[in-house]
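Beneath this line is the structure, given in C-alpha cells, with notes to follow.
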Amino acid sequence: MCQAGEARRPLPLMFVWLSACLAAVCFLSLLFGAGEIGPGASLSSLLGMREGAAQHAEEAAFVIHELRLPRTMLGLVVGMALGVAGALLQAVARNPLAEPGLLGVSAGSAFAVAIALMLGASAATLRVSVAQLGALGGCLCVLAAARMRGVGNDPVRLVLAGAVLSGLLGALTSMILLVDQRTADEIRFWIVGSLAGRHLEDLQAILPSLALAGVITLLIGRPLAALALGERVAVGLGHHPRLVRLLAIGVVALLVGATTAVAGPIAFVGLVVPFAARALAGPDIRRTLWLCLPLGPLVVIGADIVSRLVVQPSELPLGVLTALIGAPVLILVVRSQRLPTL
Amino acid sequence: MPLSLSAGRSLLGMLVGLGLFALAVDQASARTLDTAYGEVEVRDQPERVVTLYEGALDTALAVGVTPLAAVSTRGSDGVASYLQDQAGDIAVVGTAREINIESVVAQRPDVILAAPRLPEEQYQLLSRIAPTLVPASEPYQPDTWKEEARFFAQALGREAQVEDTIAKVEQRAAELSEQHPQASASLVRWMPQGALVMSEAIFSNTLLSASGFVVSDGDVVKQGRPHSDPLSLENLSRIDSDWLFLATLNNEGDEALASAKSSPAFARLDVVERGQVVPVDGQLWTSASGPLAAEAILDDIEKAQR
C-alpha cells in the first residue's frame, strides 16, 4: 500500500490508468467462464472468426452475449455503486470501517426484500424501492449508532454495533426461511449475493435511482470535503452539515438498495474499494470518489471471474468471494497503527 | 433442538418407555430386527407408531398402519401433500433435521421408525423412549427404498402387504418402460443462478430408470451427494435430455417453469423448445420415498407421456 506522502500523483493520470485496468478485466470477464467455451473459443468468437462447427460458434456467441456480457455490465454498475456508497458512508460516519455490508445496510436491504417476497411481491421495480427503503433503515441505524457516545469515535465499536445489526437482521431473514420455506430458493439468493442469472431489465430498473444518486454525489462532494475538516469549519464555509449528511445517507441508501435489488448483498466491496482509493488518492473525499468509480468494478468483476473458475462446473456465489478478499483487508485496517479518523 | 432442556422430560420418557417395553416383553410375542444399531426387539403388531422419516410414514400408510406422528416434509410444516389424505390429521413432531424429543415422548410410542443414518446421539435418546428402528440400508442404491420399505413393514408385522405393493410398483414401472424405450431424462431444481441437478441415485431417479428412462446427472453430482451445487448457466446444456423434470417446492409448478424460461440460457435448451419439461412436486420427487411415493411418481411419469 502507498504511504500518504506518495498520494500526490495527478488524479486524472491515476483515473486513466485504473480505467485501462478495468477495461482489461472486463475483456477477461468475456473470455473466461465456468463452461466449455474457453478463452480461445471466446476470443475467436469475439473477433468474428467462425471456427469449427456452426453450432459450436453459435454456442460461444450465446454464452458471451447472453451470459457473460450482462453479468459484466452488472458488475460494472454494482462495483461503482458499492465503491461510492462505501466512501460516502465512511465520510459521513467519519470511520474507515463503515461499510454497507459490515454495518447492516445490505442486511437491512436484503431483509426488506425477503419480507416483500414472502408477502408475495415479485415485480422487479417494486423490489428496487423496497430494497432501498430497507437500506435507508439500515443507514439510519448505523448513523444512530455512530452518534452514540463511545461508539462514534471508536471505529471498531461501530463495526461491532453493525455486526449486531447484521446478525439480528440475518437471523430474522433466516426466520422467514423457516416460516415460509416455499420461497426458500428465492430468498436464499438474498443471503449471499451473485451476478449470475440476472436480467438486463433489472439493470434498467435501477438506472434512474443510480443517476439521481450520481447527481447528488456531485453536489455534496465539496461540502463533504469541508465536513472532513470539522463541523465548525464547514459551517464557517457556508455549508449545512446536517443536510449534507442526510443527503449522503440518502445516496448510500439509493446505491446499496439498488445493488442489493439486482445482485443481493455483496459484502466488503464498500470497505476494500475506498480503502484502496484513499491509499492512492489521499484523504480528499472528492479524489477518493473519482477513483472508486474504476476501482469498484475492478474488484467486483475480478472476484466474479474467480468465482466462475474455482468450482467448475458450478459457480461460487460472488458474496463468498468478496468476503474472502475483504476480511483480510478489514483486519489490516484495524491492525494498522494509525487508524485514520475521517 | 432442546436437547439439554429436555433432560427431565426424557427421564420421564425413559420411564414411560421402559414401562411400555416391559409390557411388550410380557406379551411374549416380540420380534427381533437387525438395525443399523444392532438387534432391536419390538412387540408384535405395535399400535402406537411414530415415524421420524418420510419413507417410514409412506411405508406404514401403504401397508395399512396409520402412525400417530411424523416429521414434516421439506418446504412445508405438514406431511407431504401426496400423503395428506391418508395421513389425516397426524401430529408433526419436528422436521427431518430437528426432531422435537418432547413431542415424541408425549405420543407414548410402542415403536419409533427412524431415518437411515440417524446420528448415534439421537438414537440413544430416542431408544430410551421406545424401541427405535434405524434401517441399515446403503444409501443411493436402486433398491434402497425397497429394502427400507421391507424393513419398516417387518417392524409393523406386515411383510405380505409390503411385498404386494412393491410388486405392483415394479410391474407398473416395467409396463411404462415399454412405452418409451431409452429416452434420456434429468431431474433438476431451478434457481435463478442455475440449476441444482439431482443425483442419478436418488429415489425418484431410480424410478425413472426403472420405467425405462436413461437418467443423467451430467456428471456434476459428487458421489454420495443428493444433488449438485447450482450448475453454472454456461453448463446448462449438460441437462439437455429428452425429458427434463423440474422439481419445485411449491405447488405452482407452472410458475416455476415460467420463471426458469425467463432465463435465456434455459429457454434455448432443446428440451424446452420441444416442450418436454415436466414440472413436478419437489416434496414428492426430491424428499419422499416409499411405495406410495413410487405410485405417485409413476402417475406423474405416465401423465407426462400423454
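The values are calculated or read from the model by the stated rules, or taken from the named source; none is laboratory data. All figures in this text were calculated on a predicted structure; none of them were measured in a lab. Quick reminder, even Gly has a Cβ in these numbers, built from the backbone with ideal geometry, and neighbours come from all protein chains shown. All accessible areas refer to the heavy atoms of the entire protein, side chains included, with ligands and DNA or RNA removed. Shrake-Rupley method; radii C 1.70, N 1.55, O 1.52, S 1.80 Å.
Put simply, the protein assembly as shown fits an ellipsoid with semi-axes of 54, 32, 18 Å; these come from the alpha carbon gyration tensor as the roots of five times its eigenvalues, largest first. If a/c stays under 1.5 just call it rounded; otherwise compare a/b with b/c (prolate if a/b is bigger, oblate if not). Do that for chain A, with a ≥ b ≥ c from the square roots of the Cα gyration tensor eigenvalues. The shape class here is oblate.
With everything on Cα atoms, drop me the angle between helix A:11-31 and the longest principal axis of chain A, reported from 0 to 90° to the nearest 10. Result, in degrees: 30. Here the contact order of chain B, divided by its residue count and restricted to Cα pairs under 8 Å and six or more residues apart, works out to 18 percent.
Residues of segment B:254-270 whose accessible area, computed with a 1.4 Å probe over protein heavy atoms, drops by at least 50 Å² once all protein chains are present relative to their chain alone are B:PRO264, B:ARG268. Our coupling estimate for segment B:36-43, obtained by passing each phi through the Karplus curve with A = 6.51, B = -1.76, C = 1.60 and θ = phi - 60°, is 5, 10, x, 6, 10, 9, 10, 6 Hz, Gly and Pro reported as x. Convex hull volume per residue, computed on the Cα atoms of segment B:179-305, equals 96 Å³. When the Gaussian network model of chain B links Cα atoms closer than 10 Å, the mean-square fluctuations of B:VAL134, B:VAL79, B:VAL214 top out at B:VAL214. The accessible surface of segment B:179-305, taken with every protein chain in place and a 1.4 Å probe, is 45 percent carbon and sulfur. Once you keep just the Cα pairs under 8 angstrom separated by 6 or more residues, what percentage relative contact order results for chain A? Relative contact order here is 32 percent.
Round to the nearest 0.05 the FRET efficiency obtained for B:ASP89 and A:SER174 when R0 = 35 Å and r is the Cβ-Cβ distance. The computed FRET efficiency comes out at 0.75. The eigenvalues of the Cα gyration tensor, multiplied by 5 and square-rooted, give segment A:22-108 an equivalent ellipsoid with semi-axes of 39, 12, 9 Å from largest to smallest. Here is the interface size for A with B: some 2200 Å² of accessible area buried, both sides summed, with a 1.4 Å probe.
Screening chain B for DSSP H helices whose Cα atoms reach 15 Å or more along their own axis and whose mean Kyte hydropathy is at least -0.5 gives B:7-26, B:144-156, B:291-305. Couplings 3J(HN,Hα) of segment A:272-285, computed from phi: 5, 5, x, 4, 5, 4, 5, 4, 7, 9, x, x, 5, 4 Hz, in residue order, whole Hz [Karplus 6.51 cos²θ - 1.76 cosθ + 1.60, θ = phi - 60°; x for Gly and Pro]. In segment A:27-41, no residue gives up 50 Å² or more of accessible area when the other protein chains are added, compared with the chain on its own (1.4 Å probe).
Distances between placed amide hydrogens fall under 5 Å for B:THR35 paired with B:VAL40, all partners being 5 or more residues away or on another chain. The B:ARG108 and A:ALA163 beta-carbon pair, evaluated with R₀ = 51 Å, returns a calculated FRET efficiency of approximately 0.65. Once the 1.4 Å probe is applied to the protein heavy atoms, the protein assembly as shown comes out at 43 Å² accessible per residue.
Each peptide in A:240-252, B:275-287, A:127-139 receives the mean, over its residues, of other Cβ atoms within 10 Å, and ordering these scores from highest gives A:127-139, B:275-287, A:240-252. Each residue of segment A:168-176 is assigned a 3J(HN,Hα), and the resulting list reads 4, 5, x, 5, 5, 4, 4, 5, 4 Hz, derived from the Karplus form 6.51 cos²θ - 1.76 cosθ + 1.60 (θ = phi - 60°), x at Gly and Pro. Number of Lys-Lys pairs in the protein assembly as shown with C-alpha atoms under 28 Å apart and a separation of 8 or more places or on different chains: 6. The candidates B:ARG97, A:ARG71, arranged from most to least accessible area with a 1.4 Å probe in the full protein assembly, appear as B:ARG97, A:ARG71.
Dipole of segment B:142-293 computed with +1 at Lys/Arg Cβ and -1 at Asp/Glu Cβ about the Cα centre; of B:SER241, B:PRO279, B:VAL220, farthest Cα towards the positive end is B:VAL220.
Take A:LEU210: with every protein chain present and a 1.4 Å probe, its accessible area is about 30 Å². In this structure B:GLU159 has an accessible area near 80 Å², from a 1.4 Å probe over the protein heavy atoms. When the residues B:ARG274, B:ARG238 are ordered by accessible surface, computed with a 1.4 Å probe over the protein chains alone, the sequence from largest down reads B:ARG274, B:ARG238. Take each residue of peptide A:192-202, count the partner chain Cβ atoms within 10 Å of its Cβ, and average: the result is 3. DSSP bridge analysis restricted to segment B:179-305 gives an antiparallel fraction near 35%, rounded to the nearest 5. Length, then width, then depth: along the principal axes, the Cα atoms of segment A:247-342 run 44, 32, 20 Å.
Accessible area per residue (1.4 Å probe, heavy atoms of protein chains only) ranks B:ASP85, B:ASP270 as B:ASP85, B:ASP270, with the largest value leading.
Taking a ≥ b ≥ c as the square roots of the Cα gyration tensor eigenvalues, with a/c under 1.5 meaning rounded and otherwise prolate when a/b beats b/c, else oblate, which class fits chain B? It is prolate, given that a/c is not under 1.5 and a/b is the larger ratio. Helix A:200-227 axis versus longest C-alpha principal axis of chain A: approximately 30°, rounded to the nearest ten.
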